[in-house]
Amino acid sequence: MLDATAKAFFHTLAQLQLLKRLASRYGMSEGGFARRFIAGESVDEAVAAVRPIAGKGMLLTLDYLGESVATAEEADAATRAYLRIIETIVRSGNERNISLKLTQLGLDVDRATAVDNLRRILEPASEHGFFVRIDMENSPYTDMTLQIFETLWAQGYRNIGVVLQSMLMRTPADLARVNEIGARVRLVKGAYLEPKTVAFQKKSEVDDAYVRLMKELLDHGNYPAIATHDPAMIAATKAHATEKGYAKDRFEFQMLFGIRRDLQAALVKDGYRVRLYVPFGHQWFPYFMRRLGERPANVAFALKGIFREE
Ligand code: FDA
């Protein structure tokens, strides 16, 4: 994880339309630099890309990229896309697990639109035995996301889970709330640029919080997902599980498609459950920029890709 200044730099870059146009032109072309992180632009491409992963003994969640839609029409289009994706996954025989973002379903338009769209997805998802993870976005959405999650949980949807971010100071209280109802949590460090009023700014503080939350989840959570590529966080998780005598299937590790494939393979070899978060779709630019912001070496990799194509 980079410090807040570097994150801010990439956040600013992500707003530049010229960069977005350039990246969109080259990134997902044959051998394009974004293909390392994005499984394709169509669901068919994604389904084909994940077949070898499932063959290596890893679990999957598919994420149709998109966020911050501004109109009810765009939110409806994203919802319809998810309905088609559910059908395609069922036909493909792939694992039935998807991740989505509430601003993609219209949370910025109004809350009722996002809830209605989420329900439209949850109906067929429940019918076909899917698990639906609601990704966590930046802190202005934390309350709304948790409230919507809890409302749907209270209405009886049990095939849903949330994400909590260790960088946010509020997270211990949120974790207690979610553990209380017995819902499933994916623990992450947090990918967004956040103000110091609500979030830890130093890596050491975010990491310490992550370890505390991980222990709480392993001890009192419902099949938690420990989502990180950080060897120190992974080692702390294994150590805690061993110390407490927890079975390896009490939790799962999660990592992003294309990141630290060495660690993914090593964990599978050691008998741990590993789920890969596999993003696909045309709206890959903001997701891609967050990945660049996490590791400077990725920038060199992306630039090399652009110049190779010129
Ligand atoms: P950290 O950033 O400290 O990195 C540790 C090490 O991992 C690095 O030294 C490097 O080796 C490797 N690494 C990390 N990022 C890399 C990259 N981009 N490229 C190459 N190597 C990299 N966030 C969020 O706010 N809401 C969400 O819903 C989710 N969902 C989510 C799902 C899953 C499955 C994962 C793995 C992550 C998320 N995240 C997320 C992202 C998360 O918050 C965080 O930004 C990244 O996982 C990076 O943090 P690490 O824990 O990997 O540690």
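Tabulated values for the structure
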item: Relative contact order (%) - criterion: Cα under 8 Å, at least six apart; region: the chain; result: 26 percent
item: Listed residues Gln147, Val50, Tyr192: farthest to the positive end of the dipole of region 39-283 (Cβ charges); result: Val50
item: Apportionment of accessible area to carbon and sulfur, the chain, percent (1.4 Å); result: 55 percent
item: Whole-Hz couplings from phi, Karplus 6.51/-1.76/1.60, listed for region 32-47; x for Gly and Pro; result: x, 5, 7, 5, 5, 10, 10, 7, x, 9, 10, 5, 5, 4, 5, 4
item: Inter-centroid distance (Cα atoms) of region 24-82 relative to region 87-149, Å; result: 15 Å
item: Rounded to the nearest 20 debye, dipole of the chain from Cβ charges on Lys, Arg, Asp, Glu; result: 840 debye
item: Rounded FRET efficiency, nearest 0.05, which uses the C-beta distance separating Ala247 from Thr5 and R0 of 35 Å; result: 0.25
item: Per residue accessible area of the chain, 1.4 Å probe, in Å²; result: 45 Å²
item: Inter-probe distance in nm under a simple model that places probes 7 Å from Cα toward Cβ, at Glu30 and Ala232; result: 4.4 nm
item: Kirkwood-type radius of region 39-283, with distances r between different C-alpha atoms, in Å; result: 18.4 Å
item: For Arg184, residues with placed amide H under 5 Å, excluding near neighbours; result: Val162
item: Listed residue (His240, Pro224, Tyr157) projecting farthest to the positive dipole end of the chain, Cβ model; result: His240
item: DSSP beta bridges in region 39-283 [antiparallel fraction, %, rounded to 5]; result: 5 percent
item: Cα-based Lys pair tally, the chain, threshold under 19 Å, eight or more apart or on separate chains; result: 20
item: Point-to-point label distance, Lys203-Val268, nm (Cα→Cβ direction, 7 Å offset); result: 2.8 nm
item: Most positive-pole-ward Cα, Leu267, Val69, Ser166, against dipole of the chain from beta carbon charges; result: Leu267
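The values are calculated or read from the model by the stated rules, or taken from the named source; none is laboratory data. Please read all numbers here as calculations on a predicted model, not as lab measurements. Positions of Cβ are backbone-derived with ideal geometry, glycine not excepted, and every protein chain shown enters the neighbour counts. Just the protein is used for accessible areas: all its heavy atoms, side chains included, with ligands, DNA and RNA removed. Shrake-Rupley method; radii C 1.70, N 1.55, O 1.52, S 1.80 Å.
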